[in-house]
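> This is the structure I have questions about; it appears just below.
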Amino acid sequence: MALFQRFRTVARALRFGGAGDREGHADQARLGGIRTAVRQALTSLAYEEQALRRQLTEASGTAAAIAGTDSVDHGERAPADERLLAEAERQMKAAARRLDALRAQRALFMAMLDLAGGGAAPGTRARPQ
């Protein structure tokens, strides 16, 4: 009977050790899900940044073209040009504000990825611009 009790004790001890491995795998699975979600957010953020940079370049080019017209030399600009210039300026300001918000989000996501043990996401900078 003592031998049977000893066997049950050893078997429980072995099961307990195995549970730690299962727990470790469960922890890694949960963290893996977080890392995946954060990497997807960073990828989405990068696409939005690219689009905003294109928009900013276009608005800047439009503003430069309008501001560089010869009518300014005579002291006036056509009302239509003034409206276009004001709209280009509005777009540039909105894009700059959004880029600032995206930089802050990138810093947050990178910190989350570091905490989840994921390091830098592929195609992203380790530090925000």
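Residue by residue, here is whether (1) part of a helix (DSSP H, G or I); (2) modelled with pLDDT of 75 or more; (3) over 29 Å from residue 113 (Cα atoms); (4) within 38 Å of the chain's Cα centre (by Cα) holds:
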residue	(1), (2), (3), (4)
22	yes, no, no, yes
29	yes, yes, no, yes
50	yes, yes, no, yes
87	yes, yes, yes, yes
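> Oh, and also: Among the residues of the range 104-120 satisfying the criterion of being surrounded by fewer than 17 Cβ atoms within 10 Å (Cβ to Cβ) and part of a loop (DSSP other than H, G, I, E, B), which is modelled with the lowest pLDDT?
So the residue we want is 120.
> Which residue out of 68, 123, 75 is within 30 Å of residue 31 (Cβ to Cβ), surrounded by fewer than 12 Cβ atoms within 10 Å (Cβ to Cβ) and at pLDDT below 95?
Of the residues listed, the single one that is within 30 Å of residue 31 (Cβ to Cβ), surrounded by fewer than 12 Cβ atoms within 10 Å (Cβ to Cβ) and at pLDDT below 95 is 123.
> What are the pairs with Cβ atoms under 7 angstrom where one residue, in the range 104-118, is under 12 Å from residue 41 (Cβ atoms) and the other, located anywhere, is loosely packed, with under 13 Cβ neighbours inside 10 Å? Sequence gap at least six, or different chains.
Once the first residue is under 12 Å from residue 41 (Cβ atoms) and sits in the range 104-118, its partners that are loosely packed, with under 13 Cβ neighbours inside 10 Å give 110/126; 113/119.
> Just name the residue that is surrounded by the fewest Cβ atoms within 10 Å (Cβ to Cβ) out of those in the range 89-103 that are within 12 Å of the chain's Cα centre (by Cα) and not charged (D, E, K, R).
By that ranking, first place goes to 101.
> Answer yes or no as to whether residue 13 is modelled with pLDDT under 95, exposed (fewer than 11 other Cβ atoms within 10 Å of the Cβ) and part of a helix (DSSP H, G or I).
yes
> Quick one: which of 80, 95, 88, 63 is in contact with a helix residue (DSSP H, G or I) (Cβ under 9 Å, 6 or more places away or on another chain) and more than 30 Å from residue 107 (Cα to Cα)?
Working: 80 fails: in contact with a helix residue (DSSP H, G or I) (Cβ under 9 Å, 6 or more places away or on another chain); 95 fails: more than 30 Å from residue 107 (Cα to Cα); 88 fails: more than 30 Å from residue 107 (Cα to Cα).
Exactly one of 80, 95, 88, 63 is in contact with a helix residue (DSSP H, G or I) (Cβ under 9 Å, 6 or more places away or on another chain) and more than 30 Å from residue 107 (Cα to Cα), namely 63.
The values are calculated or read from the model by the stated rules, or taken from the named source; none is laboratory data. Quantities reported herein were computed from a predicted structural model and do not represent experimental measurements. Reconstructed Cβ throughout: ideal geometry from the backbone, glycine too, with neighbour counts over all protein chains shown.
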